[in-house]
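Remarks on the structure that follows.
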Amino acid sequence: KGELEDRINSLEYQVERLRSKLNNKTIKINGEKITDVGEIYNYYGHLVYKGQMKDGKPHGKGIKYFEDCELILYEGEFKNGLYDGYGVLAYHGNGDTTNGNKPSNGTHRGYFSKGLKHGEIINDDNPNGMKYYYNYKMGLQHGENKYIQKDGNVTTNNYKDGSQFGPW
């Protein structure tokens, strides 16, 4: 039993996973049903992308997963393998963990161009209850940023080409 049964269970799991891959050619991206789905796996056999493809690269709508697990990193539009268009970018474990603070998790929703944040990016699902509205230009903060606290107080600041300027 023991070792042999574990090996059989492992093989049955792998066969079932392969079966589901063959049968699963549709996914939902931001509520929209997408057909003709392709998949990309890394060297270790982990699924890293599922969605529309062109010339073997993510192109159209799809889901990018973290390299070492099947947690969603990005869900949205791609062009030539890069985030391009509207999407939702996840972050996990960011933040100051000194003094017993817990790492934060959340998402950045907005527009991307050539793999970079571009336009308004919204973060309103973080554990501190604040709402953040950032503006980016090709990956650099650019324009007015707005922070809305739980009590409704609003703080704004401005960035130009990635550097803060003007009043806070």
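Some points to look at:
- Considered as a group, the residues in segment 111-124 that are closer than 27 Å to Pro58 by Cα and charged (D, E, K, R) include one that is least open to solvent (accessible area, probe 1.4 Å), and that residue is Lys117.
- Within segment 24-46, the set of residues being farther than 21 Å from Asp84 by Cβ and open to solvent by less than 70 Å² (accessible area, probe 1.4 Å) comprises Asn24, Thr26, Asn42, Gly45, His46.
- Against the criterion of being at pLDDT below 85, assigned to a strand (DSSP E or B) and open to solvent by 40 Å² or more (accessible area, probe 1.4 Å), Asn105 qualifies.
- Condition check for Ile27 on (1) of a type in the set (A, V, I, L, M, F, W, C); (2) farther than 28 Å from Tyr134 by Cα; (3) at pLDDT 85 or above: one failure, at (3).
The values are calculated or read from the model by the stated rules, or taken from the named source; none is laboratory data. This is a predicted model, so every value here is computed, not measured. Glycine gets a Cβ as well: all are built from the backbone with ideal geometry, and neighbour counts include every protein chain shown. For the accessible areas, the whole protein counts, side chains as well, though only heavy atoms, and no ligand, DNA or RNA atoms are used. Shrake-Rupley method; radii C 1.70, N 1.55, O 1.52, S 1.80 Å.
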